1. Out of the range 152-162, which residues are in contact (Cβ under 8 Å) with a residue 40 or more places away in the chain, crowded, with 23+ Cβ neighbours inside 10 Å and near the ligand (Cβ under 9 Å from one of its atoms)?
2. Looking at the range 195-214 only, could you name the residues that are surrounded by fewer than 19 Cβ atoms within 10 Å (Cβ to Cβ) and either at pLDDT below 95 or farther than 16 Å from Arg278 by Cα (or both)?
3. Checking the structure you have, find out if any residue of the range 169-186 is within 16 Å of the ligand (Cβ to nearest atom) and more than 30 Å from Thr111 (Cβ to Cβ).
4. If Phe48 meets every condition in (1) aromatic (Phe, Trp, Tyr); (2) in contact with a helix residue (DSSP H, G or I) (Cβ under 8 Å, 6 or more places away or on another chain); (3) crowded, with 19+ Cβ neighbours inside 10 Å apart from one, which number is that one?
5. What is the one condition in (1) within 14 Å of the ligand (Cβ to nearest atom); (2) more than 12 Å from the chain's Cα centre (by Cα); (3) over 25 Å from Thr276 (Cβ atoms) that Gly132 does not satisfy?
6. Tell me yes or no: at least one residue of the range 1-12 is at pLDDT 95 or above and of a type in the set (Lys, Arg).
7. If I go through the range 236-272 residue by residue, how many of them are surrounded by fewer than 17 Cβ atoms within 10 Å (Cβ to Cβ) and more than 21 Å from the chain's Cα centre (by Cα)?
8. Just one of Ser125, Ser115 is of a type outside the set (Asp, Glu), free of Cβ contacts under 8 Å to residues at least 12 places away in the same chain and more than 13 Å from the ligand (Cβ to nearest atom); which is it?
Amino acid sequence: MDDHRLTIVSNIQVLREEIADLRAQKKTVALVPTMGALHEGHLSLIDFAKEHADQVVCSIYVNPKQFAPGEDLDAYPRPLIDDIRALEGKLTDFVFTPTDDEMYPDGFSTTISVSGVTSPLCGKSRPDHFDGVATVVTKLLMMVQPDIAIFGEKDYQQLLVIRRFVRDLNIPIEILGAPIVRSDDGLALSSRNQYLSEDERKTAPLLHQTLLQLADDIKKGRGDLSTLIKTSSDKLTKAGFEVDYLEIRDAKSLAPIIEIYEDQTARLFVAAKLGTTRLIDNVTV
Ligand code: PAF
């Protein structure tokens, strides 16, 4: 019989006591921060965490600070019961579901703001987004104090931002990136995919296909970078996407790349809207 126990905690003090017990037993702890509406991509992060630590804490918190006015905070899916069921199936040990009051008590006035890596790509169209992410992730790391924390590479810029402030603030937690999980047709899994209409869902895989084709064209030198990128961007626009950006950047610093040199770690990044749904993706070159 399966005697696995999933403990659901929303109070920080209770969570701290549970973690202190684990520490006393010399158990290592991994944190997987999420905003819920869990899909196979999130569940793969739990599997990844289980491979690296004895106990896994999955946090579910829809962080209002990372949504700008007019974004989808109110519409963001919150299927908590389904999420808990999915986590039970994955042998998660703790689900941490802090309330808004617990996370941002009255008078909360601190922001973690990272410069540099937050400026390009999503930082341009969502200027306060990464401050919201950095602030909540710092709080989650301080609350749980895990040995490691896992973030998906789909939000690649977010992963770099988190690595940067963890290093800058000497937070003694290892940050691990986990590979993107995709549908069979290549679309990167995202909680926001459920906003897509049937027709949009059929068009959506073109985003990844275009990135792959572009990466191949670049590797094989089928033209100069800016022309290849412009052609791909036009292809997406023609198919009905509203392209926010399609760029090639250094995979470590996000510095722009004009020409690829040998040994450079380049990555392609795209964000585009299909109808009202904003999709992002990235591939290595
Ligand atoms: O990637 C997400 O789901 C969120 O940005 C995170 C890291 C859980 C912070 O709210």
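1. Gly152
2. First, the residues of the range 195-214 that are surrounded by fewer than 19 Cβ atoms within 10 Å (Cβ to Cβ): 197-203, 205, 209, 212-213.
Listed by number, the residues that qualify are Gln209, Leu212, Gln213.
3. The answer is yes; a qualifying residue exists.
4. Of the numbered conditions (1) aromatic (Phe, Trp, Tyr); (2) in contact with a helix residue (DSSP H, G or I) (Cβ under 8 Å, 6 or more places away or on another chain); (3) crowded, with 19+ Cβ neighbours inside 10 Å, the odd one out for Phe48 is (2).
5. If we test Gly132 against (1) within 14 Å of the ligand (Cβ to nearest atom); (2) more than 12 Å from the chain's Cα centre (by Cα); (3) over 25 Å from Thr276 (Cβ atoms), just (3) comes out false.
6. Within the range 1-12, not a single residue is at pLDDT 95 or above and of a type in the set (Lys, Arg).
7. Of the residues in that region, 13 qualify.
8. Numbers: Ser125 fails: free of Cβ contacts under 8 Å to residues at least 12 places away in the same chain.
After applying the criteria, what remains is Ser115.
The values are calculated or read from the model by the stated rules, or taken from the named source; none is laboratory data. Note that the structure is a prediction, hence the values are computed from the model and not measured. Positions of Cβ are backbone-derived with ideal geometry, glycine not excepted, and every protein chain shown enters the neighbour counts.
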